[in-house]
């Protein structure tokens, strides 16, 4: 009897992490979104670090964004194109969940652990049509006056 319960329950439990985590396919990679604000509720852990970002009340695209020099990555990324295409979100959420890279990649970039209250800017992608939760998968991170690429390791 106990074994039957295990066999019935275990496939359902195995599906839970997959349902809770989403891959790249659900994000609109044709529309880079720029966010800036203050970090809240930081979770510095795998499978990727994440934090809540409270947006600045006066959120706007920085005038120099398209001209910023971005660090080289081992993956082929057209940083200039992403920066030139950057836009603000159309949704009005004041709090966004920001997903960063895995900790090993953040360590390779020498990104210090983000602390609650830190000023942070990110460029990344949200869900198709900005539907669902206010989630941004970060492609670039600006922290402490430095820019970090998050798609791959530093070149």
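Bear in mind these aren't lab numbers, they're just calculated from the coordinates by the rules spelled out. Worth saying up front: this structure is predicted, and the values here are computed from it rather than measured. With ideal geometry, Cβ positions are generated from the backbone for all residues, glycine too; neighbour counts draw on all protein chains shown.
By the beta-carbon count within 10 Å of each Cβ, the least crowded to most crowded order of 127, 148, fewest first, is 127, 148.
Is region 22-149 best put as rounded, prolate or oblate by its Cα gyration tensor, with a ≥ b ≥ c the root eigenvalues, rounded for a/c under 1.5, and otherwise prolate when a/b is larger than b/c, oblate when not? Judged from the Cα gyration tensor, region 22-149 comes out rounded (a/c under 1.5).
Extension gain for the segment residue 115 to residue 76, taken as residue separation times 0.36 nm less the Cα-Cα distance, is 11.0 nm to one decimal. As a rough footprinting exposure proxy, the listed residues 45, 151, 137 were ranked by other beta carbons within 10 Å of their own, and the order from fewest upward is 45, 151, 137.
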